[in-house]
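Note sheet for the following structure.
Each value in this text was obtained by applying a stated rule to the coordinates, not by laboratory testing. These numbers were taken from a predicted model, which means no experiment stands behind them. Cβ coordinates were reconstructed from backbone atoms using ideal geometry, including for glycine residues, and neighbour counts include every protein chain displayed.
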Amino acid sequence: MSSIAKTLYKIKRFGNSLFTYDCISCGKAVMGCCLCEKCLSENKPCANYHNGCASAFYYEGPAKDVVLRFKFGTDNALCFDTLCDWLLLAFEKLDERDFDAVVPVPAFGFDKTILSELAEKFSLMADIPFHPEYLRKIRRTPKQHSLSAFERRVNLIGAFEAEDSVFGKRILLIDDIFTTGTTAAECSNALYDKGAEKVSVLTVLKTRYND
Ligand SMILES: [Zn+2]
């Protein structure tokens, strides 16, 4: 079943690659990608990672434009493919790549978010089972980006709860942007509380805040 889904996704991606788009960052016409070659080359790779966290690029320049379009735009199909590629790029940076489940950072009140769709596509491409049900958000919280660094740290305490079935599992947590690490830490705590063996964190982009 998963190989059929993977094939269908590859066909859809091939279809997307035949169209011309405007580069999201500079507006120049480009085939099959949401950034032109010049803007792609301006993305700054995150070479560093620590504590089982990896990201593809820094949250700045054209890469930031793509993630903002993905989060807040309506025509984000092509960004979707690009971000899936960037998650795979980040995945290659992890020392250990043996996982039992891909789990997206959940949102309160939603089973399916655009982030969970991205995480599901990534899980197909990386051949890791997708288990969004392993982690849920149990209360509504103010948006992290609207808060100060201190407020971010306390905002999410106790906001996530993991299923008992994560016991002994190696989990790959997926988010779009790594900022202060608070979201990743709170989700990891919830998973470790229920006995997860290991939690690693993969994000598309990372701010320079923690460098
Ligand atoms: Zn461009």
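Can you tell me which of 134-145, 31-42, 51-62 comes out highest on packing, and rank the rest after it, using the mean Cβ neighbours within 10 Å?
On the way: 134-145: 14.6, 31-42: 17.2, 51-62: 19.8.
For the peptides 134-145, 31-42, 51-62, the packing ranking is 51-62, 31-42, 134-145.
Take every DSSP beta bridge whose two residues both sit in segment 43-210, then give the antiparallel share in percent to the nearest 5.
Working: 5 of 23 bridges.
Of the beta bridges lying entirely in segment 43-210, close to 20 percent run antiparallel.
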Per-residue [θ]222 nm for the chain (sum of -39500 (n - 2.57) over DSSP H runs n ≥ 4, rounded to 500): -12000 deg cm²/dmol
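What number results when the radius of gyration of segment 43-210, computed over Cα atoms, is divided by 2.2 N^0.38 Å?
That works out to 0.96 for segment 43-210.
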Show the residues, 5+ positions off or on another chain, whose built amide H is closer than 5 Å to the amide H of Phe130. Val102
Top positive-direction residue, dipole computed over segment 43-210 with Cβ charges, set Phe110, Gly158, Leu87: Gly158
With a/c under 1.5 counting as rounded, go ahead and sort segment 67-143 into rounded, prolate or oblate using the C-alpha gyration tensor (a ≥ b ≥ c being the square roots of the eigenvalues; past the cut-off, prolate if a/b is larger than b/c, else oblate). oblate
Taking Cα atoms, how many degrees apart are the long axis of helix 61-72 and the longest axis of the chain, rounded to 10 and kept between 0 and 90? 70 degrees
